[in-house]
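The values are calculated or read from the model by the stated rules, or taken from the named source; none is laboratory data. Computed from a predicted structure; not experimentally measured. Glycine gets a Cβ as well: all are built from the backbone with ideal geometry, and neighbour counts include every protein chain shown. For accessibility, only protein heavy atoms count, side chains too; no ligands or nucleic acids. Shrake-Rupley method; radii C 1.70, N 1.55, O 1.52, S 1.80 Å.
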Amino acid sequence: MNELNALRTPEGGALLDEVRGTDPARELAVATRLRREHPAGLVSAALGQARLRQRAVAKFGAEDAGRMFFTPNGVEQSTRASVAAYRARRMRELGVTSVADLCCGIGGDAIALARAGIRVLAVDRDPLTAAVARANAEELGLADLIEVREADVTEVDTGGWDAVFVDPARRGGRGRVFDPEAYSPPLSWAVEAARRAPHAALKVAPGIPHEAVPEAAEAEWISDGGDVKEAVLWFGAGPGPVRATLLPGPRTLTGRGLADPPVRPVGRFLYEPDGAVIRAHLVAEVAEEVGGGLLDATIAYITADEPRETPYATAYEITDHLPFNVKKLKALLRERKVGVLTVKKRGSAVEPEELRRKVLPKPHGTAAVTVFLTRVAGAPAMLLGRPAARS
(Lines give C-alpha, C1' and ligand atoms only; values in the text may rest on other atoms or scores of the structure.)
Protein backbone atom coordinates (compact mmCIF):
# COMPACT_ATOMS: atom_id res chain seq x y z
CA MET A 1 0.00 0.00 0.00
CA ASN A 2 2.82 2.39 0.89
CA GLU A 3 4.51 1.62 -2.44
CA LEU A 4 1.31 2.43 -4.34
CA ASN A 5 0.94 5.73 -2.50
CA ALA A 6 4.58 6.59 -3.16
CA LEU A 7 4.23 5.84 -6.87
CA ARG A 8 1.29 8.25 -7.08
CA THR A 9 3.33 11.18 -5.78
CA PRO A 10 4.95 13.60 -8.27
CA GLU A 11 8.33 11.94 -7.64
CA GLY A 12 6.87 8.48 -8.15
CA GLY A 13 5.07 9.53 -11.31
CA ALA A 14 8.25 11.02 -12.73
CA LEU A 15 10.11 7.79 -11.98
CA LEU A 16 7.41 5.72 -13.67
CA ASP A 17 7.75 7.88 -16.77
CA GLU A 18 11.52 7.48 -16.72
CA VAL A 19 11.53 3.68 -16.41
CA ARG A 20 8.70 3.12 -18.89
CA GLY A 21 9.66 0.35 -21.32
CA THR A 22 12.92 -0.50 -19.56
CA ASP A 23 14.61 -3.54 -21.08
CA PRO A 24 14.82 -6.26 -18.38
CA ALA A 25 18.47 -6.77 -19.29
CA ARG A 26 19.18 -3.15 -18.31
CA GLU A 27 17.18 -3.04 -15.08
CA LEU A 28 20.21 -3.40 -12.79
CA ALA A 29 22.07 -0.57 -14.50
CA VAL A 30 18.97 1.65 -14.50
CA ALA A 31 18.28 0.90 -10.83
CA THR A 32 21.87 1.67 -9.84
CA ARG A 33 21.75 5.04 -11.61
CA LEU A 34 18.35 6.06 -10.23
CA ARG A 35 19.18 5.12 -6.64
CA ARG A 36 21.74 7.91 -6.58
CA GLU A 37 18.87 10.42 -6.66
CA HIS A 38 15.81 8.52 -5.36
CA PRO A 39 15.02 6.18 -2.45
CA ALA A 40 15.95 2.59 -3.25
CA GLY A 41 12.47 1.31 -2.33
CA LEU A 42 10.77 3.76 -4.66
CA VAL A 43 13.09 2.84 -7.54
CA SER A 44 12.39 -0.86 -7.03
CA ALA A 45 8.64 -0.20 -6.89
CA ALA A 46 8.76 1.84 -10.11
CA LEU A 47 10.72 -0.82 -11.98
CA GLY A 48 8.38 -3.54 -10.70
CA GLN A 49 5.34 -1.54 -11.81
CA ALA A 50 6.95 -0.96 -15.21
CA ARG A 51 7.32 -4.72 -15.67
CA LEU A 52 3.69 -5.28 -14.73
CA ARG A 53 2.54 -2.57 -17.13
CA GLN A 54 4.46 -4.21 -19.96
CA ARG A 55 2.73 -7.53 -19.20
CA ALA A 56 -0.65 -5.80 -19.01
CA VAL A 57 -0.46 -4.33 -22.52
CA ALA A 58 -1.75 -7.61 -24.00
CA LYS A 59 -4.94 -7.32 -21.93
CA PHE A 60 -5.51 -3.59 -21.60
CA GLY A 61 -3.72 -2.02 -24.56
CA ALA A 62 -0.70 0.26 -24.36
CA GLU A 63 -2.58 3.46 -23.50
CA ASP A 64 -4.52 2.16 -20.49
CA ALA A 65 -1.76 -0.18 -19.29
CA GLY A 66 0.67 2.75 -19.28
CA ARG A 67 -1.56 4.69 -16.87
CA MET A 68 -2.95 1.95 -14.64
CA PHE A 69 -1.48 0.26 -11.57
CA PHE A 70 -1.20 -3.49 -11.17
CA THR A 71 -0.38 -6.29 -8.80
CA PRO A 72 1.12 -9.56 -10.07
CA ASN A 73 -2.11 -11.45 -9.38
CA GLY A 74 -4.12 -8.58 -10.83
CA VAL A 75 -2.40 -8.82 -14.20
CA GLU A 76 -2.75 -12.59 -14.26
CA GLN A 77 -6.40 -12.78 -13.24
CA SER A 78 -7.93 -9.66 -14.80
CA THR A 79 -10.28 -9.88 -17.77
CA ARG A 80 -9.02 -8.87 -21.19
CA ALA A 81 -10.43 -5.41 -21.97
CA SER A 82 -12.15 -6.53 -25.19
CA VAL A 83 -14.05 -9.26 -23.33
CA ALA A 84 -14.98 -6.95 -20.45
CA ALA A 85 -16.23 -4.33 -22.93
CA TYR A 86 -18.39 -6.92 -24.70
CA ARG A 87 -19.97 -8.00 -21.39
CA ALA A 88 -20.55 -4.38 -20.42
CA ARG A 89 -22.37 -3.76 -23.72
CA ARG A 90 -24.61 -6.75 -23.07
CA MET A 91 -25.41 -5.36 -19.63
CA ARG A 92 -26.27 -1.99 -21.14
CA GLU A 93 -28.51 -3.64 -23.75
CA LEU A 94 -30.40 -5.32 -20.92
CA GLY A 95 -31.23 -1.88 -19.54
CA VAL A 96 -28.78 -2.11 -16.63
CA THR A 97 -27.61 1.26 -15.27
CA SER A 98 -25.91 0.14 -12.04
CA VAL A 99 -23.85 -2.95 -11.18
CA ALA A 100 -22.38 -4.37 -7.99
CA ASP A 101 -19.03 -5.78 -9.15
CA LEU A 102 -18.15 -8.38 -6.52
CA CYS A 103 -14.52 -9.61 -6.39
CA CYS A 104 -13.53 -6.64 -8.57
CA GLY A 105 -9.76 -7.27 -8.51
CA ILE A 106 -7.80 -4.34 -9.91
CA GLY A 107 -10.95 -2.97 -11.55
CA GLY A 108 -10.78 -4.12 -15.16
CA ASP A 109 -14.46 -5.06 -15.38
CA ALA A 110 -15.53 -2.00 -13.40
CA ILE A 111 -13.67 0.18 -15.90
CA ALA A 112 -15.46 -1.44 -18.85
CA LEU A 113 -18.85 -1.07 -17.15
CA ALA A 114 -18.21 2.58 -16.31
CA ARG A 115 -17.15 3.31 -19.88
CA ALA A 116 -20.48 1.86 -20.98
CA GLY A 117 -22.16 4.51 -18.80
CA ILE A 118 -22.98 2.14 -15.94
CA ARG A 119 -22.55 3.13 -12.28
CA VAL A 120 -20.43 0.58 -10.41
CA LEU A 121 -19.87 -0.53 -6.83
CA ALA A 122 -16.54 -2.39 -6.98
CA VAL A 123 -15.87 -4.65 -3.99
CA ASP A 124 -12.77 -6.59 -2.98
CA ARG A 125 -11.67 -7.76 0.46
CA ASP A 126 -7.93 -7.39 -0.13
CA PRO A 127 -6.81 -3.91 0.97
CA LEU A 128 -4.07 -3.50 -1.65
CA THR A 129 -6.26 -4.81 -4.48
CA ALA A 130 -9.06 -2.44 -3.53
CA ALA A 131 -6.60 0.45 -3.35
CA VAL A 132 -5.27 -0.39 -6.82
CA ALA A 133 -8.82 -0.54 -8.21
CA ARG A 134 -9.53 2.88 -6.70
CA ALA A 135 -6.32 4.30 -8.14
CA ASN A 136 -7.16 2.92 -11.59
CA ALA A 137 -10.64 4.47 -11.53
CA GLU A 138 -9.06 7.81 -10.67
CA GLU A 139 -6.23 7.58 -13.20
CA LEU A 140 -8.68 6.81 -16.02
CA GLY A 141 -11.11 9.57 -15.04
CA LEU A 142 -13.88 7.20 -13.95
CA ALA A 143 -14.00 7.86 -10.20
CA ASP A 144 -17.39 9.55 -10.51
CA LEU A 145 -18.90 6.28 -11.77
CA ILE A 146 -16.91 3.75 -9.73
CA GLU A 147 -17.16 3.47 -5.96
CA VAL A 148 -14.54 1.06 -4.58
CA ARG A 149 -15.25 -0.64 -1.28
CA GLU A 150 -12.90 -2.86 0.72
CA ALA A 151 -15.20 -5.56 2.12
CA ASP A 152 -16.09 -9.24 2.14
CA VAL A 153 -18.43 -9.65 -0.83
CA THR A 154 -20.62 -12.07 1.12
CA GLU A 155 -21.49 -9.23 3.50
CA VAL A 156 -22.38 -6.60 0.91
CA ASP A 157 -26.03 -5.61 0.39
CA THR A 158 -26.66 -5.51 -3.37
CA GLY A 159 -30.37 -4.78 -3.08
CA GLY A 160 -30.18 -1.29 -4.58
CA TRP A 161 -28.32 -2.30 -7.75
CA ASP A 162 -29.76 -3.26 -11.14
CA ALA A 163 -27.33 -6.13 -11.58
CA VAL A 164 -24.63 -8.17 -9.90
CA PHE A 165 -21.40 -9.24 -11.56
CA VAL A 166 -19.30 -11.86 -9.78
CA ASP A 167 -15.81 -12.96 -10.78
CA PRO A 168 -14.81 -15.51 -8.11
CA ALA A 169 -11.12 -16.21 -7.57
CA ARG A 170 -10.22 -19.41 -9.40
CA ARG A 171 -6.65 -19.73 -8.16
CA GLY A 172 -5.49 -21.12 -4.84
CA GLY A 173 -2.15 -21.69 -3.20
CA ARG A 174 -1.52 -24.64 -5.54
CA GLY A 175 -2.55 -22.96 -8.77
CA ARG A 176 -5.73 -22.99 -10.85
CA VAL A 177 -8.91 -24.30 -9.21
CA PHE A 178 -11.22 -26.45 -11.36
CA ASP A 179 -13.98 -27.35 -8.87
CA PRO A 180 -16.57 -24.52 -8.98
CA GLU A 181 -17.28 -25.07 -5.30
CA ALA A 182 -13.60 -24.40 -4.56
CA TYR A 183 -13.87 -20.91 -6.08
CA SER A 184 -13.64 -18.00 -3.64
CA PRO A 185 -16.50 -17.38 -3.03
CA PRO A 186 -17.98 -20.75 -4.11
CA LEU A 187 -20.11 -20.87 -7.25
CA SER A 188 -23.16 -21.87 -5.19
CA TRP A 189 -22.92 -18.60 -3.22
CA ALA A 190 -22.50 -16.59 -6.44
CA VAL A 191 -25.56 -18.29 -7.96
CA GLU A 192 -27.70 -17.38 -4.93
CA ALA A 193 -26.48 -13.78 -5.13
CA ALA A 194 -27.38 -13.78 -8.82
CA ARG A 195 -30.88 -15.12 -8.19
CA ARG A 196 -31.60 -12.24 -5.83
CA ALA A 197 -30.71 -9.57 -8.39
CA PRO A 198 -32.82 -8.36 -11.34
CA HIS A 199 -29.92 -9.23 -13.62
CA ALA A 200 -26.59 -10.96 -13.03
CA ALA A 201 -23.52 -12.29 -14.79
CA LEU A 202 -21.12 -14.80 -13.25
CA LYS A 203 -17.70 -15.25 -14.82
CA VAL A 204 -16.55 -18.88 -14.61
CA ALA A 205 -13.80 -21.00 -16.10
CA PRO A 206 -14.47 -22.08 -19.71
CA GLY A 207 -14.02 -25.70 -18.66
CA ILE A 208 -17.11 -25.65 -16.44
CA PRO A 209 -19.15 -28.84 -17.05
CA HIS A 210 -22.48 -28.20 -18.73
CA GLU A 211 -24.20 -30.13 -15.96
CA ALA A 212 -22.89 -27.56 -13.45
CA VAL A 213 -24.74 -24.71 -15.22
CA PRO A 214 -27.83 -23.76 -13.15
CA GLU A 215 -31.18 -24.28 -14.86
CA ALA A 216 -32.09 -20.60 -14.49
CA ALA A 217 -28.96 -19.42 -16.34
CA GLU A 218 -27.97 -18.82 -19.93
CA ALA A 219 -24.43 -20.07 -20.54
CA GLU A 220 -22.17 -18.21 -22.95
CA TRP A 221 -18.63 -19.15 -23.94
CA ILE A 222 -16.43 -16.30 -25.21
CA SER A 223 -13.27 -16.44 -27.31
CA ASP A 224 -11.08 -13.55 -28.39
CA GLY A 225 -8.87 -13.89 -31.44
CA GLY A 226 -9.46 -17.65 -31.42
CA ASP A 227 -8.51 -18.16 -27.76
CA VAL A 228 -11.28 -19.22 -25.35
CA LYS A 229 -11.23 -16.75 -22.47
CA GLU A 230 -14.18 -17.51 -20.22
CA ALA A 231 -17.71 -18.69 -19.76
CA VAL A 232 -20.43 -16.40 -18.42
CA LEU A 233 -23.62 -17.45 -16.68
CA TRP A 234 -26.35 -14.87 -17.30
CA PHE A 235 -29.37 -14.54 -15.01
CA GLY A 236 -32.49 -12.42 -15.19
CA ALA A 237 -34.22 -13.33 -18.45
CA GLY A 238 -34.79 -16.99 -17.67
CA PRO A 239 -32.93 -19.92 -19.21
CA GLY A 240 -31.69 -19.04 -22.67
CA PRO A 241 -30.01 -20.98 -25.45
CA VAL A 242 -26.37 -21.87 -25.07
CA ARG A 243 -24.23 -19.31 -26.86
CA ALA A 244 -20.73 -19.10 -28.31
CA THR A 245 -19.46 -15.57 -28.90
CA LEU A 246 -16.37 -14.80 -30.94
CA LEU A 247 -14.45 -11.55 -30.59
CA PRO A 248 -13.68 -9.29 -32.30
CA GLY A 249 -17.07 -8.88 -33.83
CA PRO A 250 -18.94 -9.91 -31.87
CA ARG A 251 -20.35 -12.92 -33.67
CA THR A 252 -22.70 -15.08 -31.63
CA LEU A 253 -23.85 -18.61 -32.42
CA THR A 254 -26.85 -19.87 -30.45
CA GLY A 255 -27.76 -23.46 -29.81
CA ARG A 256 -30.82 -24.99 -31.41
CA GLY A 257 -30.72 -28.38 -29.75
CA LEU A 258 -29.49 -30.20 -32.85
CA ALA A 259 -28.58 -33.87 -32.77
CA ASP A 260 -24.93 -34.85 -33.16
CA PRO A 261 -23.80 -34.69 -36.80
CA PRO A 262 -23.33 -37.99 -38.62
CA VAL A 263 -19.87 -39.46 -39.18
CA ARG A 264 -18.97 -39.40 -42.87
CA PRO A 265 -15.98 -40.05 -45.13
CA VAL A 266 -13.28 -37.42 -45.47
CA GLY A 267 -14.35 -34.75 -47.91
CA ARG A 268 -12.38 -32.11 -49.73
CA PHE A 269 -12.62 -29.64 -46.83
CA LEU A 270 -12.00 -29.81 -43.09
CA TYR A 271 -13.50 -27.26 -40.70
CA GLU A 272 -11.89 -26.60 -37.33
CA PRO A 273 -14.53 -25.00 -35.04
CA ASP A 274 -13.56 -22.14 -32.76
CA GLY A 275 -12.81 -23.23 -29.21
CA ALA A 276 -15.85 -21.37 -27.84
CA VAL A 277 -18.07 -23.32 -30.24
CA ILE A 278 -16.58 -26.59 -29.01
CA ARG A 279 -16.90 -25.64 -25.33
CA ALA A 280 -20.52 -24.63 -25.90
CA HIS A 281 -21.26 -27.98 -27.59
CA LEU A 282 -22.38 -26.23 -30.77
CA VAL A 283 -20.38 -28.23 -33.31
CA ALA A 284 -23.64 -29.59 -34.75
CA GLU A 285 -24.80 -26.04 -35.54
CA VAL A 286 -21.58 -25.35 -37.46
CA ALA A 287 -21.79 -28.71 -39.27
CA GLU A 288 -25.29 -27.85 -40.44
CA GLU A 289 -24.11 -24.40 -41.57
CA VAL A 290 -21.34 -25.84 -43.76
CA GLY A 291 -23.26 -28.94 -44.87
CA GLY A 292 -20.82 -31.36 -43.30
CA GLY A 293 -20.41 -34.25 -40.88
CA LEU A 294 -17.81 -35.49 -38.41
CA LEU A 295 -14.58 -37.33 -39.15
CA ASP A 296 -15.14 -39.31 -35.97
CA ALA A 297 -17.98 -39.41 -33.46
CA THR A 298 -15.69 -38.21 -30.65
CA ILE A 299 -13.64 -35.56 -32.51
CA ALA A 300 -14.72 -31.95 -33.17
CA TYR A 301 -13.44 -31.84 -36.75
CA ILE A 302 -16.05 -31.32 -39.47
CA THR A 303 -15.59 -32.48 -43.05
CA ALA A 304 -17.53 -31.39 -46.13
CA ASP A 305 -17.32 -31.50 -49.92
CA GLU A 306 -17.97 -27.82 -50.65
CA PRO A 307 -16.37 -24.66 -49.27
CA ARG A 308 -18.76 -22.48 -47.26
CA GLU A 309 -17.94 -19.29 -45.38
CA THR A 310 -18.52 -19.37 -41.63
CA PRO A 311 -17.07 -17.18 -38.88
CA TYR A 312 -17.34 -20.07 -36.43
CA ALA A 313 -14.72 -22.38 -37.95
CA THR A 314 -11.49 -22.23 -39.93
CA ALA A 315 -11.62 -24.06 -43.25
CA TYR A 316 -8.80 -26.14 -44.75
CA GLU A 317 -8.60 -27.80 -48.15
CA ILE A 318 -7.48 -31.41 -47.68
CA THR A 319 -5.00 -32.81 -50.19
CA ASP A 320 -4.11 -36.17 -48.58
CA HIS A 321 -5.68 -38.67 -46.19
CA LEU A 322 -3.19 -41.22 -44.86
CA PRO A 323 -2.99 -43.74 -42.03
CA PHE A 324 -0.68 -42.48 -39.31
CA ASN A 325 2.90 -43.27 -40.37
CA VAL A 326 5.87 -41.08 -39.50
CA LYS A 327 8.15 -42.42 -42.25
CA LYS A 328 5.55 -41.88 -44.97
CA LEU A 329 4.89 -38.37 -43.75
CA LYS A 330 8.60 -37.51 -43.69
CA ALA A 331 9.07 -38.79 -47.24
CA LEU A 332 6.01 -36.93 -48.49
CA LEU A 333 7.19 -33.63 -46.99
CA ARG A 334 10.61 -34.06 -48.58
CA GLU A 335 9.07 -34.89 -51.95
CA ARG A 336 6.88 -31.76 -51.83
CA LYS A 337 9.73 -29.49 -50.68
CA VAL A 338 7.97 -28.41 -47.51
CA GLY A 339 9.66 -25.70 -45.46
CA VAL A 340 6.78 -24.61 -43.20
CA LEU A 341 4.88 -27.28 -41.26
CA THR A 342 1.91 -26.65 -38.97
CA VAL A 343 0.80 -29.60 -36.85
CA LYS A 344 -2.65 -29.71 -35.25
CA LYS A 345 -4.14 -32.56 -33.30
CA ARG A 346 -7.36 -33.85 -31.78
CA GLY A 347 -7.71 -37.38 -30.50
CA SER A 348 -4.01 -38.17 -30.92
CA ALA A 349 -1.40 -38.82 -28.23
CA VAL A 350 1.41 -37.58 -30.48
CA GLU A 351 2.91 -34.24 -29.46
CA PRO A 352 3.06 -31.78 -32.38
CA GLU A 353 6.57 -30.51 -31.57
CA GLU A 354 7.92 -34.05 -31.30
CA LEU A 355 6.42 -34.99 -34.67
CA ARG A 356 7.74 -31.80 -36.28
CA ARG A 357 11.29 -32.61 -35.14
CA LYS A 358 11.04 -36.11 -36.57
CA VAL A 359 9.52 -35.36 -39.96
CA LEU A 360 10.99 -31.96 -40.71
CA PRO A 361 14.36 -31.65 -38.96
CA LYS A 362 15.27 -29.05 -41.57
CA PRO A 363 13.24 -27.30 -44.29
CA HIS A 364 13.22 -28.92 -47.72
CA GLY A 365 11.88 -25.86 -49.57
CA THR A 366 9.31 -23.10 -49.24
CA ALA A 367 6.00 -24.98 -49.47
CA ALA A 368 3.65 -24.80 -46.46
CA VAL A 369 1.56 -27.72 -45.20
CA THR A 370 -0.82 -28.24 -42.29
CA VAL A 371 -0.99 -31.76 -40.85
CA PHE A 372 -3.97 -32.86 -38.74
CA LEU A 373 -3.31 -35.77 -36.38
CA THR A 374 -6.69 -37.22 -35.57
CA ARG A 375 -8.97 -40.22 -35.92
CA VAL A 376 -11.15 -40.99 -38.89
CA ALA A 377 -13.97 -43.38 -37.99
CA GLY A 378 -11.90 -44.58 -35.03
CA ALA A 379 -8.60 -45.14 -36.89
CA PRO A 380 -5.48 -42.96 -36.33
CA ALA A 381 -4.99 -40.81 -39.40
CA MET A 382 -3.04 -37.92 -40.89
CA LEU A 383 -4.80 -35.34 -43.03
CA LEU A 384 -2.65 -32.95 -45.02
CA GLY A 385 -3.94 -29.67 -46.32
CA ARG A 386 -3.77 -25.89 -46.45
CA PRO A 387 -6.01 -23.01 -45.39
CA ALA A 388 -8.90 -22.75 -47.82
CA ALA A 389 -9.02 -19.71 -50.06
CA ARG A 390 -11.60 -17.19 -48.91
CA SER A 391 -14.19 -16.15 -51.47
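Residues that are charged (D, E, K, R) and outside any strand (DSSP E or B) within the stretch 346-378 comprise 346, 351, 353, 354, 356, 357, 358, 362, listed in sequence order.
Look through 242, 228, 204 and report the one residue that is touching a helix residue (DSSP H, G or I) at 6+ places or on another chain (Cβ under 9 Å), β-branched (Val, Ile, Thr) and free of Cβ contacts under 8 Å to residues at least 40 places away in the same chain.
Values: 242 fails: free of Cβ contacts under 8 Å to residues at least 40 places away in the same chain; 228 fails: free of Cβ contacts under 8 Å to residues at least 40 places away in the same chain.
The conditions single out 204.
Tallying residues that are under 14 Å from residue 202 (Cα atoms) and of a type in the set (S, T, N, Q) within the stretch 230-254 yields 0. Taken together, the residues in the stretch 1-50 that are open to solvent by 40 Å² or more (accessible area, probe 1.4 Å), more than 21 Å from residue 138 (Cα to Cα) and either assigned to a helix (DSSP H, G or I) or among the aromatic types (Phe, Trp, Tyr) (or both) amount to 11.
Apart from one condition, residue 244 fits all of (1) closer than 26 Å to residue 316 by Cβ; (2) open to solvent by 10 Å² or more (accessible area, probe 1.4 Å); the exception is (2).
State whether one or more residues within the stretch 56-69 are of a type in the set (Lys, Arg), free of Cβ contacts under 8 Å to residues at least 60 places away in the same chain and out of contact with any Lys or Arg (no Cβ under 9 Å at 6 or more places or on another chain). Outline the logic, then answer.
So in the stretch 56-69, the residues of a type in the set (Lys, Arg) come out as 59, 67.
With the extra rule that they be free of Cβ contacts under 8 Å to residues at least 60 places away in the same chain, the set shrinks to 59.
Of the ones still in play, those that are also out of contact with any Lys or Arg (no Cβ under 9 Å at 6 or more places or on another chain) are none.
Checking the stretch 56-69: not a single residue is of a type in the set (Lys, Arg), free of Cβ contacts under 8 Å to residues at least 60 places away in the same chain and out of contact with any Lys or Arg (no Cβ under 9 Å at 6 or more places or on another chain).
Kindly check whether there is at least one residue in the stretch 289-300 that is more than 30 Å from the chain's Cα centre (by Cα) and either farther than 26 Å from residue 228 by Cα or assigned to a loop (DSSP other than H, G, I, E, B) (or both). So that I can check it myself, show each step before the final result.
Keep residues of the stretch 289-300 that are more than 30 Å from the chain's Cα centre (by Cα), which gives none.
No, the conditions are met nowhere in the stretch 289-300.
Of the candidates 265, 214, 261, the single residue that is closer than 25 Å to residue 153 by Cβ, open to solvent by 10 Å² or more (accessible area, probe 1.4 Å) and assigned to a loop (DSSP other than H, G, I, E, B) is 214. All told, residue 110 falls short of being surrounded by 20 or more Cβ atoms within 10 Å (Cβ to Cβ), more than 24 Å from residue 155 (Cα to Cα) and among the small types (Gly, Ala, Ser).
Filter the stretch 131-158 for residues that are more than 20 Å from residue 81 (Cβ to Cβ) and touching a residue at least 24 places away in the same chain (Cβ under 8 Å) and give the result. Once the filter is applied, which keeps residues that are more than 20 Å from residue 81 (Cβ to Cβ) and touching a residue at least 24 places away in the same chain (Cβ under 8 Å), the stretch 131-158 yields 131, 147, 149, 150, 151, 152, 153, 154, 156, 158.
For first residues located in the stretch 318-340 and under 21 Å from residue 351 (Cβ atoms) and polar (S, T, N, Q), partners that are in a strand (DSSP E or B) and open to solvent by less than 70 Å² (accessible area, probe 1.4 Å) and lie 6+ apart or on another chain with Cβ distances below 9 Å form the pairs 325/382.
Here residue 311 meets the list (1) modelled with pLDDT under 95; (2) part of a loop (DSSP other than H, G, I, E, B) almost entirely, failing just condition (1). Residue count for the stretch 217-237 satisfying the condition of being in a strand (DSSP E or B) and more than 18 Å from residue 281 (Cβ to Cβ): 3. Close contacts from the stretch 287-308, counting a first residue that is closer than 11 Å to residue 271 by Cα and open to solvent by less than 10 Å² (accessible area, probe 1.4 Å) and a second that is in a loop (DSSP other than H, G, I, E, B) and aromatic (Phe, Trp, Tyr), with Cβ to Cβ under 8 Å and a gap of 6+ residues or different chains, come to 295/301. On inspection, residue 83 does not qualify as assigned to a loop (DSSP other than H, G, I, E, B) and touching a strand residue (DSSP E or B) at 6+ places or on another chain (Cβ under 9 Å).
Do you know which of the residues in the stretch 91-103 that are touching a residue at least 24 places away in the same chain (Cβ under 8 Å) and open to solvent by 10 Å² or more (accessible area, probe 1.4 Å) is farthest from residue 144 (Cα to Cα)?
94
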